[in-house]
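Asks: Shown below is the structure under consideration.
The values are calculated or read from the model by the stated rules, or taken from the named source; none is laboratory data. All of these numbers come straight from a predicted model, not from anything done at the bench. Note that we place each Cβ from the backbone using ideal geometry, even for glycine, and neighbour counts take in every protein chain shown.
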Amino acid sequence: METIPAHDVDRNGKADLVLAAAQRAAAYLQASRRRGVYPSDQALLDLQRFPRDLPAGPTAAAAVLAMLDELGSPATVASTRGRYYGYVNGGTDPAAAAAAVLVGAWDQNVALPVLALVAALRDDLAARWACELLGLPGGAVATFCSGASIANLTCLLAARDALLDRAGWSVDQRGLGGAPPLRVVASAEIHASVNKALRAAGIGRDAVVLAPTDEAGRVVAEEFPAVDDRTLVLLQAGNVNTGHSDPFAAIIPAARARGAWVHVDGAFGLWAAASPAQRHLVAGVELADSWATDAHKWLNAPYDSGLAICRNPADLRRAMAFDAAYAATGAERALTHLGLQMSQRARGVETWAILATHGRAGIADLVDRLCEHAQHMAVLLGQAGADVLVATALNQVLVRFDDDTTTDAVIAAVQADRTCWTGGTAWQGRRAMRISICDAATTGDDIATSAAAILRCWHSRRI
């Protein structure tokens, strides 16, 4: 074993500080089960005790860590304790949380394999395993990024450049000025992040045609607009309000046969494909050209972690690769040539830890359990007289209480109650409560307790 000179052993106390941080993190996790989901008024008030002015000189790192924990930890939203149902936020898998601590100490930059070989290998495995779980084509390439918003942008850039390349136009050489116009056909319910990605890709709203959707937010296949070889089709797996997915098998084959590129935004809903029991809800999704999803939602990886996936690796590399002598590599998988980022943290290691821990059966069980929790929540609320607006699909529950005013009042009361946390939304012109059950820590008892709290808030409004 290599002997390390005594004077080189943690000269600045870094190891002790990391250990102290891990101990404080463990204490935070234990305490979070005993507090409200949202921080108390006092905890929020205490945030004012953080210094506002830049210190004139150094402060001991241990003191800074203590201040961050003692003032910051009580003021967090306890989104990993099983009762946070807002914004399709996943919790954090224990194996991934532990891996994140180690990865943070590694501080590896996975832009090129030569920079971080072990992290690059775990990233490769995690990406390939994710594609296998999702039932995507064997030759597809997946690359980690900060989330589905960037994954959508990455795939849309690949789609744009591929469609123009087929028309004889190189974006790399000629840019977008004077390029043949592209047309977009998108679900009328497509997520706002996709619209943002279109803008960033240089495609304006005038180029977008919206495909009609039904009462559950699914594209109506019979009314899908005509497409051609200069069309980008945008569909979704898992409507952000209802959980329902577009009829991929009825749309994608015909669209691709006419030369269109089909992209699927599957931020959370794509993971239905990992469960034999839920896979039928996204049947045909594997026929698309590209997909975007998150690991930090249903898979419960730490923030932030998304996946951009392309059927043909050459299409992704055309849009993302660059030429620089210092970054030249013979590696088949160099992340700097597969995404927008150059330097990037080793996100894939955390997902690798989840998949290695749970395996195929464990991930399917996770998906199924959260779907069952959503069904249970819908039944409890529906039996008590609340209006479940759409048949529950996947892990989303959309519910309404009497009228718009009452619904908003119940949402505010639930948030103030702090037993659980739910958000509000609008669905087909009416206000609704949206309940997104995305945390692996959620139990049947959490659902029962949360439903009782929601109903209590509603009934107190009626008295």
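Asks: Taking the residues in the stretch 256-304 that are acidic (Asp, Glu) and outside any helix (DSSP H, G or I) as candidates, determine which candidate is farthest from Arg183 (Cα to Cα).
Replies: Asp304
Asks: Being on the phi < 0 side of the Ramachandran plot and either without any contact (Cβ under 8 Å) to a residue 40 or more places away in the chain or crowded, with 24+ Cβ neighbours inside 10 Å (or both) is the filter here; which residues of the stretch 289-302 pass it?
Replies: If the condition is that a residue be on the phi < 0 side of the Ramachandran plot and either without any contact (Cβ under 8 Å) to a residue 40 or more places away in the chain or crowded, with 24+ Cβ neighbours inside 10 Å (or both), then Asp289, Ser290, Trp291, Ala292, Thr293, Asp294, Ala295, His296, Lys297, Trp298, Leu299, Ala301 are the ones that fit.
Asks: If you don't mind, another one. Just to verify a result, which residue in the stretch 77-121, among those that are surrounded by fewer than 23 Cβ atoms within 10 Å (Cβ to Cβ) and among the charged types (D, E, K, R), is farthest from Gln30 (Cα to Cα)?
Replies: Asp107
Asks: Could you check Leu307 against (1) more than 22 Å from the chain's Cα centre (by Cα); (2) modelled with pLDDT of 95 or more; (3) not small (Gly, Ala, Ser) and say which number it fails?
Replies: (1)
Asks: Right, Ala186: hydrophobic (A, V, I, L, M, F, W, C), under 30 Å from Ala378 (Cα atoms), under 29 Å from the mean Cα position of the chain (by Cα) and in the same structural domain as Leu153 (by TED's automatic domain parsing) or not?
Replies: Yes: the conditions hold for Ala186.
Asks: Look at the stretch 29-68 and say how many of its residues are basic (Lys, Arg) and surrounded by 13 or more Cβ atoms within 10 Å (Cβ to Cβ).
Replies: The total comes to 1.
Asks: Among all residue pairs at least 6 apart or on different chains, which show Cβ distances below 6 Å where the first residue, located in the stretch 152-167, is closer than 14 Å to Arg317 by Cβ and the second is in a loop (DSSP other than H, G, I, E, B) and modelled with pLDDT of 95 or more?
Replies: Thr154/Gly339; Leu157/Ala201
Asks: Still on this structure, I have one more. Need pairs with beta-carbon distance below 9 Å; first residue not assigned by TED's automatic domain parsing to the domain that holds Ala211 and surrounded by fewer than 24 Cβ atoms within 10 Å (Cβ to Cβ) and within the stretch 247-264, second part of a loop (DSSP other than H, G, I, E, B) and not β-branched (Val, Ile, Thr); sequence gap 6+ or separate chains.
Replies: Close Cβ pairs (under 9 Å, with a partner that is part of a loop (DSSP other than H, G, I, E, B) and not β-branched (Val, Ile, Thr)) do not exist here.
Asks: Next question, about the same structure. Pick out the one residue from Ala158, Ala167, Ala179 that is over 26 Å from Ser275 (Cα atoms) and crowded, with 19+ Cβ neighbours inside 10 Å.
Replies: Ala158
Asks: Where residues in the stretch 131-155 are assigned to a helix (DSSP H, G or I) and of a type outside the set (S, T, N, Q), which of them is surrounded by the fewest Cβ atoms within 10 Å (Cβ to Cβ)?
Replies: Glu132
Asks: Residue check, Leu281 against (1) modelled with pLDDT of 95 or more; (2) closer than 30 Å to Val114 by Cβ, all met but one. Which one?
Replies: All conditions pass for Leu281, except number (2).
Asks: Which of the residues belonging to the stretch 222-232 are surrounded by fewer than 16 Cβ atoms within 10 Å (Cβ to Cβ) and in contact with a helix residue (DSSP H, G or I) (Cβ under 9 Å, 6 or more places away or on another chain)?
Replies: Matches in the stretch 222-232: Glu222, Asp229.
Asks: Under 8 Å between Cβ atoms, which residue pairs at least 6 apart in sequence (or on different chains) link something in the stretch 38-64 that is over 30 Å from Val414 (Cα atoms) with a partner that is surrounded by 10 or more Cβ atoms within 10 Å (Cβ to Cβ)?
Replies: Every condition considered, the pairs that remain are Ala61/Gly13; Ala61/Leu17; Ala62/Gly13; Ala62/Leu17; Ala62/Ala20.
Asks: Can you tell me which residue is nearest to the chain's Cα centre (by Cα) among those in the stretch 429-463 that are within 21 Å of Glu189 (Cα to Cα), buried (at least 16 other Cβ atoms within 10 Å of the Cβ) and without any contact (Cβ under 8 Å) to a residue 40 or more places away in the chain?
Replies: Met433
Asks: Looking at Glu189, Glu215 in this structure, which one is surrounded by fewer than 19 Cβ atoms within 10 Å (Cβ to Cβ) and closer than 29 Å to Val397 by Cα?
Replies: Being surrounded by fewer than 19 Cβ atoms within 10 Å (Cβ to Cβ) and closer than 29 Å to Val397 by Cα holds for just one of Glu189, Glu215, which is Glu215.
This table checks each residue for (1) closer than 30 Å to Ile411 by Cα; (2) modelled with pLDDT of 95 or more; (3) touching a Gly at 6+ places or on another chain (Cβ under 7 Å).
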{"site": "Thr3", "(1), (2), (3)": "no, no, no"}
{"site": "Asp8", "(1), (2), (3)": "no, no, no"}
{"site": "Arg11", "(1), (2), (3)": "no, no, no"}
{"site": "Arg24", "(1), (2), (3)": "no, yes, no"}
{"site": "Ala75", "(1), (2), (3)": "yes, yes, no"}
{"site": "Tyr87", "(1), (2), (3)": "yes, no, yes"}
{"site": "Thr92", "(1), (2), (3)": "yes, yes, no"}
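Asks: In the stretch 198-234, what residues are closer than 22 Å to Thr425 by Cα and either touching a residue at least 60 places away in the same chain (Cβ under 8 Å) or aliphatic (A, V, I, L, M) (or both)?
Replies: Those that are closer than 22 Å to Thr425 by Cα and either touching a residue at least 60 places away in the same chain (Cβ under 8 Å) or aliphatic (A, V, I, L, M) (or both): Leu210, Ala211, Glu215, Ala216, Gly217, Val219.
Asks: Which members of the stretch 352-389 meet the condition of being under 23 Å from the mean Cα position of the chain (by Cα), more than 19 Å from Gly266 (Cβ to Cβ) and not small (Gly, Ala, Ser)?
Replies: Matches in the stretch 352-389: Trp352, Thr357, His358, Asp365, Arg369, Glu372, His373, Gln375, Met377.
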